[in-house]
């Protein structure tokens, strides 16, 4: 956080102990607590959880414990605002730790009702930001999904970007990262295939693909998998921008724009229920954008194999 322009300050003792003599609960004071300063839109309270992913498992950080620290976090944020005389300042609460369970995230989603931005910074996402963000390398052939991902990332990474001919609105995209850890899995987080951005309006693009050898069942799972990862990205845009776009200094991602979902598969037709699933999802969220793209392996002018993209609608 310091490397992208924030200042972290330990919370003074006079804030931890309110004028009325009420101390912040011991459950919360055991954690790392910092005031985050810098860009006013990103200032707030950071709550840091030590330990490994196992230490953060439900058996150790369960519902009872989370209830013990939920209100004190709001209380502490309010004390900081009063001390700084900024009733509407410090709009963010940061949770920093190796990994957070769905129980944790569900409990702290209640903060969204009061705090403008709840930003979850996990060790998994941080490690992804340290790894090479560019194109993957694949020794496989054009029948493998890893090869398709490599070729798409190569095109996204060029200066011109990759033109995605979506039926609703074609646009040119650039690469942010690949294999981005997102929703919680059984052992490790699930991963978004490709994270891109619209070069014109700087909205995030979740790009999920299925390779040429994907089975019918794998292809039919593409919509639900893509929506799950897209929804995670919509909820965690500020965390992604902080770790993958140099925080407030970054110019590729506009967190005020909605996340767009692109689903790419090697097929002349989309699975039968996809249209109905998209229609229902868009009925619930009128600003949602979901597009299907046909992928195919084609020969380039240099006689190399590349991926061609075409709008796909039934």
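What follows is calculated from the coordinates using simple rules that are stated; it is not laboratory data. Small disclaimer: the values here were computed from a predicted structure and weren't measured. With ideal geometry, Cβ positions are generated from the backbone for all residues, glycine too; neighbour counts draw on all protein chains shown.
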Checklist outcome for this item: From DSSP H assignment alone, runs of 4+ in the chain each adding -39500 (n - 2.57), the sum over residues rounded to the nearest 500 puts [θ] at 222 nm at -8500 deg cm²/dmol
Item to check | C-alpha long axis of helix 145-156 to longest principal axis of the chain, angle in ° | outcome: 80 degrees
Next on the checklist: Give me the extension gain from residue 130 to residue 183: residue separation times 0.36 nm, minus the current Cα-Cα distance, reported in nm with one decimal.
Outcome noted: 17.2 nm
Checklist entry - By how many nm would the segment from residue 160 to residue 39 grow when fully extended, if each residue of separation counts as 0.36 nm and the alpha-carbon distance is taken off? => result 40.5 nm
Checklist entry - To the nearest 10 degrees, how steep is helix 222-235 against the longest Cα principal axis of the chain, on a 0 to 90 scale? => result 30 degrees
Item to check | Extension gain from residue 213 to residue 9, taking 0.36 nm per residue of separation minus the Cα-Cα distance | outcome: 68.2 nm
Item to check | Cα pair distances exceeding 20 angstrom across segment 4-81, given as percent | outcome: 38 percent
Next on the checklist: Under a crude label model (7 Å from the Cα following the beta-carbon direction), how far is residue 113 from residue 286 in nanometres?
Outcome noted: 2.6 nm
Item to check | Distance (nanometres) between label positions extended 7 Å along Cα→Cβ at residue 257 and residue 48 | outcome: 3.3 nm
Item to check | With 20 Å bins from 0: P(r) over the chain, alpha-carbon pairs, percent | outcome: 30, 52, 17, 1
Checklist entry - Label points 7 Å out from Cα along the Cβ direction at residue 67 and residue 279: separation in nm? => result 4.4 nm
Checklist entry - Just 113, 149, 78 to compare: in a GNM of the chain, with alpha carbon springs under 10 Å, which one fluctuates most? => result 113
Checklist entry - How would you order 98-108, 49-59 from highest to lowest mean count of nearby Cβ atoms within 10 Å? => result 98-108, 49-59
Checklist entry - Mind checking the log10 I(q)/I(0) for segment 132-311 at q = 0.10, 0.13 Å⁻¹? Debye, one equal scatterer per Cα, no solvent, two decimals. => result -0.36, -0.63
